[in-house]
1. Among all the lysines, which ones have a C-alpha under 24 Å from K145's C-alpha, if same-chain residues fewer than 8 places away are not counted?
2. Among 144-155, 89-100, how do they line up from the highest to the lowest mean number of other beta-carbon atoms within 10 Å?
3. Could you report the chain's accessible area per residue, 1.4 Å probe, as an integer in Å²?
4. When a/c is below 1.5 the answer is rounded, else prolate if a/b is larger than b/c, else oblate, so apply that to the stretch 141-214 with a ≥ b ≥ c taken from the square roots of the Cα gyration tensor eigenvalues.
5. Calculate what fraction, in whole %, of the accessible area of the stretch 88-224 sits on carbon and sulfur atoms when a 1.4 Å probe is rolled over the protein chains.
6. Would you calculate a helix-derived [θ] at 222 nm for the chain, using -39,500 (n - 2.57) for each DSSP H run of n ≥ 4 and dividing by the full residue count, to the nearest 500?
7. For the stretch 7-120, with only Lys/Arg (+1) and Asp/Glu (-1) charged at the beta-carbon, what is the dipole magnitude about the Cα centre, in debye rounded to 20?
8. Placing +1 on the Cβ of each Lys and Arg and -1 on the Cβ of each Asp and Glu in the chain, which of A28, I165, A142 has its Cα farthest towards the positive end of the resulting dipole?
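The values are calculated or read from the model by the stated rules, or taken from the named source; none is laboratory data. Given the structure is predicted, the values throughout are model-derived calculations rather than measurements. Note: ideal-geometry Cβ built from the backbone for every residue, glycine included; neighbour counts use all protein chains shown. Surface areas here come from the heavy atoms of the whole protein model, side chains and all, with no ligands, DNA or RNA. Shrake-Rupley method; radii C 1.70, N 1.55, O 1.52, S 1.80 Å.
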Amino acid sequence: MVATQFKPRLKVIAIDGPSASGKGTVAAQVAAILDRDYLDSGALYRLTALYAYQQNIGWQNEHEIAALAYKLPVVFRTDSILLDSEDVTAAIRTEKIGMGASAIAALPAVRTALLQRQRDFLTPRGLVADGRDMASVVFPQAELKIFLTASAQIRAQRRALQLGIATDGPDYQQILADIEKRDQADRSRAVAPLKPASDARILDTSSLSIKESVEKVLDWYRKI
Ligand code: DC
């Protein structure tokens, strides 16, 4: 007889999904409602990309960037993020740094460097973590795994709305093209590619409001 391996479940709700899917907003609200900590893992990749950029290190330099990632001098505050004492809350959200984050996220040594840092966010309070590989790599024993997605068009429309851009002009087309390019990069990389974990529940929010999406996650959580 083969002994079944006992794997304790972690007090983690993992929410993965593509860029601009709304997973960050949903994850942060679920964390607040359940009184848990919140990990925006994409911010760590963005911070690493920005830190390399500030030091003129090209985004292809795997080992130099991994070394930076290990010692990232970051402080997360409630409403801001400090990198080496500088407020970089807005600087990490630019499209340029997003593309940099996507590029360095494809480098295995960088992912290894950020792994423990992400796991350290879990305390007895519990965690809601969002990213691309929360369910598959960082917290494979998460108690609830969700892959939150929406069509590229809907995501581009939401991003345009946030930026006050009309959805029938060239700026919108550019946003859509950027989203599709980043999806392609995140899906096709060799390490931890963007895809639902085999045991994740799929939540397509194309026709859901944020409130409805949060409700759905809470509903699944109550039933686990
Ligand atoms: O979620 P975001 O757009 O802030 O993430 C920025 C980039 O970082 C994204 O293109 C892919 C990468 N990323 C990743 O590879 N793994 C994560 N857990 C989070 C983000």
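1. K7, K11, K23, K195, K211, K216, K223
2. Values: 144-155: 21.3, 89-100: 15.4.
Ranked from most to least packed, the peptides come out as 144-155, 89-100.
3. For the chain, the solvent-accessible area averages 51 Å² per residue.
4. On the way: a/c = 3.33, a/b = 1.44, b/c = 2.32.
Judged from the Cα gyration tensor, the stretch 141-214 comes out oblate (a/c at least 1.5, b/c at or above a/b).
5. 55 percent
6. After summing the helix terms and dividing by residue count, I get -14000 deg cm²/dmol.
7. 460 debye
8. Selected residue: A142.
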